[in-house]
Amino acid sequence: MTKFDRVREAVRAVYQHYGRIDGLVNNAGRSYAASIEEIEPEIFDEIFHLNVLGPIIAMQTVTKDGRARSSCPKSCPGSCQTVAPDAVTRSIQLPHA
């Protein structure tokens, strides 16, 4: 999911083989067992690309290619945009004093 060209190729291969995509399950992900101040920017970047940008690229490709073929599944890209920042915010919450 972090190699965006490969994600696009995979989606297009499914369209080419089956002619349509009925749904998309974004089930790739990774976490890192550390507090926010301990995570190196490179690790955060890897996690963000896998957990957030990869699924967005897949959704964009399914939607664009599906519309071109008139077989676009209903999707909700807003949910990914909402969940990712919420998850980061929750991970750095401090207990109330």
**Request:** Determine whether the range 29-40 contains at least one residue that is assigned to a helix (DSSP H, G or I) and among the hydroxyl-bearing types (S, T, Y).
**Result:** no
**Request:** Taking the options R6, R67, name whichever one is assigned to a helix (DSSP H, G or I), of a type in the set (K, R) and modelled with pLDDT under 80.
**Result:** R67
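The values are calculated or read from the model by the stated rules, or taken from the named source; none is laboratory data. Not measured: the values here are computed from a predicted model.
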